[in-house]
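Contents: one structure, followed by commentary.
Just so it is clear, none of the values below were taken in a lab; they were calculated from the coordinates. Remember, predicted model here, so these are calculated numbers, not experimental data. Every residue, glycine among them, receives a Cβ derived from its backbone with ideal geometry; neighbour counts consider all protein chains shown.
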Amino acid sequence: MNMDYALCEGIKHSNTDGISGVILAYDVNCQYSINFRRRVATGPFLDFPPGLPLLPAIGLFHVHGHQDQCYARYAPTFVRGIGKVDGEILETNWSVLNGISPMTRTMTLAHRTEVMDAHIADNNWKKMVNMGEINCNLTPFFCLTNTTHQRQPCATNGGRYVKPAWNTLRISN
């Protein structure tokens, strides 16, 4: 019921106008998604748009621990329209947060929450700032040029990524 409520509230408070469906990557989606619509219909506080398709997926890290048929049905690699994603967003923060865990053991709950929130926000900021470089390295056919900020074939850049001017404003460690 808690997961159903969180999902329904998340969709209700998001701008879902014009989207063709919702992709939900959840570790146990092979079981969770089976009766989702029925639980929503019978839940007094649950509301999910009736015509909005829900595409279930299981992250690549977790799907290998499931039965073989779960891999073919729920792995993000095979879910139509999902693109190239591993479906493991929270797990990517573990390596960063493991480094601060010894410090947070003796903190109060409020202080621990603030410290963890600051580290997660910093991690998200670094991902956002470096997204262009990461995308260009994954898609080597096009890169941003420093002068025009337009996507140009990498052959004109010598096959390397050129950071846009705004990227020099960031504070590096």
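Observations on the structure shown:
- Distance between region 1-58 and region 104-133 - C-alpha centres, whole angstrom: 28
- Assigned charges on the beta-carbon of Lys, Arg, Asp, Glu; region 89-128 dipole about Cα centre (debye): 60
- V129-S20 FRET efficiency (beta carbon distance; Förster radius 45 Å; 0.05 resolution): 0.90
- Net length available on complete extension from D117 to L60 is 17.9 nm, with 0.36 nm assigned per residue and the Cα-Cα distance removed.
- Reduced Cα scattering model of region 89-128, Debye log10 I(q)/I(0), q = 0.15, 0.17, 0.26 Å⁻¹: -0.34, -0.43, -0.90
- Under 5 Å between amide hydrogens, built in the peptide plane, is the criterion, and for L54 it picks out V22 among residues at least 5 positions away or on other chains.
- Paramagnetic reach from R80 in region 1-35 [backbone N under 19 Å; point 7 Å along Cα→Cβ]: 19-25
- Proxy reagent accessibility, fewest Cβ within 10 Å first, across M3, M116: M3, M116
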